[in-house]
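Notes for the one structure printed next.
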Amino acid sequence: MQLSYISRPFGFDDPALAGILLDARRCNLRDDITGALIVRQDLYLQLLEGPKKAVEAAFQRIRHDDRHLDIRSVRRRQADRRLFAGWAMRDDPVKSWMWSREDVAEGKPEKASDDEVMAIFKRLRLSLPV
């Protein structure tokens with residue numbers, strides 16, 4: 001299963017991000033979850049991949065994590081394979097081809113189709129070393 005969501009960071013800074021990544025990688029290794037977290041001061045865009053029960057449980061932990069605000073636009077889909085099979089949690093700063101701050105403020109991420117969101121993660125995957 002693949003699950004993606006968008007949220008706003010609360011108190012975004014390097015130590016907060018390091019804490020999120022440390023927690024995610026520890027839990028994801030334990031639960032056979034992989035994925036990617038794209039980060040910016042006004043946006044988190046995350047993809048979780050793995051067994052349905054484990055992915056849903058991870059998402060429930062995230063929904064209760066006070067480092068995330070306004071968690072929205074959840075997309076769930078069955079997948080034939082993982083995009084980030086070798087990554088307990090790949091992190092990446094948002095690239096210029098992502099939404100602008102104005103786009104985020106206007107709600108464009110919430111209006112994005114599942115295909116548009118998955119294209120972002122596929123583009124990130126193609127930019128990674130094999």
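Just so you know, all these numbers are worked out from the coordinates, no wet-lab data involved. In this text the structure is predicted, and so the values were computed from the model without any measurement. No Cβ is skipped: glycine too gets one built from the backbone with ideal geometry, and neighbour counts run over all protein chains shown.
For the stretch 30-88, the alpha carbon convex hull comes to 93 Å³ per residue, rounded to a whole number. Amide H to amide H, with H built 1.01 Å from N, residue 90 comes under 5 Å of 35, 36, 37, counting only residues 5 or more places away or on other chains. Relative intensity of the chain on a log10 scale, I(q)/I(0) at q = 0.21 Å⁻¹, equals -1.41, per a Debye sum over C-alpha point scatterers of equal strength in the absence of solvent.
Would you calculate, for the chain, the mean residue ellipticity at 222 nm contributed by helices, counting each DSSP H stretch of 4 or more residues as -39,500 (n - 2.57) and dividing by all residues, to the nearest 500? Result for the chain, helices only: -12000 deg cm²/dmol. For the stretch 30-130, the list of GluC sites (Glu not before Pro) that fall in a loop by DSSP and count at most 12 other C-beta atoms within 10 angstrom reads 106.
Please identify the longest segment of the chain free of exposed chymotrypsin sites (Phe, Trp or Tyr not before Pro), where exposed means a DSSP state other than H, G, I, E or B and no more than 14 other Cβ atoms within 10 Å. Here the longest segment lacking exposed loop sites spans 11-96.
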